[in-house]
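Peer 1: For reference, the structure I am asking about is given below.
The numbers here are math on the coordinates, done by the rules we state, and not lab data. Since this is a predicted model, take the numbers as computed values, not measurements. Every residue, glycine among them, receives a Cβ derived from its backbone with ideal geometry; neighbour counts consider all protein chains shown.
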């Protein structure tokens, strides 16, 4: 089924150090596709300069919330974005990433390839290996041969057709695991989900994250 519009949704909570790089990478990815696209940034409970960083990108829709909850932030990004999209949900693709991540230029092309015959896409995420200490970097490389990331769901590289997202109820207001929960409900509803390790998103290697038991906690556990 064709895609007439791509909506990129980015939640951010105190990410002034990384948000501009994230949005620059999204700009490059948007320039590599030949269809209309838009970006929504949800600033959730931010107390730093994230708002200033986001508003330097004139074509990004920036909204502020005080949820302290990534599931609600992602869902608000979708609803706000869809209200401004001039395309039917069946022909709108939603791509999710995180404010501490950078996407490759080929990122949205890969999502659209998945959309050709599917309803959702689960992509790979890799940490900035150069920012990890030697022990964790070696542990990550040892435990991630080709194919190791398949089956793992990350909100930093996730896509879904808007009509499928809405029909299963979208993201629930979960503090962590909202991405895994959404994909589980899409599978239960028998939507077609593509998975790939191509064109991974590079994300923060920090060991103290915004969400409990999230990716930062996983990286921290590599040394135990």
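Peer 1: By what distance, in whole Å, do the Cα atoms of the range 1-140 stretch along each of the three principal axes, largest value first?
Peer 2: 46, 34, 25
Peer 1: Right, here's the next one. Determine, for 59, 76, the number of other Cβ atoms within 10 Å of each Cβ, and report the residues in order from fewest to most. Don't skip to the answer; put the middle values down first.
Peer 2: Details: 59 10, 76 22.
Placing the least packed residue first, the sequence is 59, 76.
Peer 1: Output the relative contact order of the range 1-59, whole-number percent, from Cα pairs under 8 angstrom with separation of 6+ residues.
Peer 2: Working: 70 pairs, mean separation 30.2, N = 59.
Worked out over the range 1-59, it gives 51 percent.
Peer 1: Which residues does the label zone of residue 86 cover in the range 1-43, counting backbone N under 15 Å from a point 7 Å along Cα→Cβ?
Peer 2: 4-6, 35-38
Peer 1: Still on this structure, I have one more. So what's the convex hull volume per residue for the Cα atoms of the range 1-58, in Å³? Walk me through the numbers before you get to the answer.
Peer 2: Values: hull volume 4.4 nm³, N = 58.
Cα convex hull per residue, to the nearest whole number: 76 Å³.
Peer 1: Starting from 0.36 nm per residue, how many nanometres of slack lie between residue 109 and residue 152 once their C-alpha separation is accounted for?
Peer 2: On the way: separation 43, 0.36 × 43 = 15.48 nm, distance 2.05 nm.
Separation in residues times 0.36 nm, less the Cα-Cα distance, equals 13.4 nm.
Peer 1: For each of 171, 57, count neighbouring Cβ atoms within 10 Å of the residue's Cβ, then give the residues from fewest to most.
Peer 2: On the way: 171 26, 57 17.
Sorted ascending by nearby Cβ count, the order is 57, 171.
Peer 1: Calculate the FRET efficiency for residue 56 and residue 2 from the Cβ-Cβ distance with a Förster distance of 45 Å, rounded to the nearest 0.05. Don't jump to the answer; show the numbers that get you there.
Peer 2: Values: r = 33 Å, r/R0 = 0.73.
So the FRET efficiency works out to roughly 0.85.
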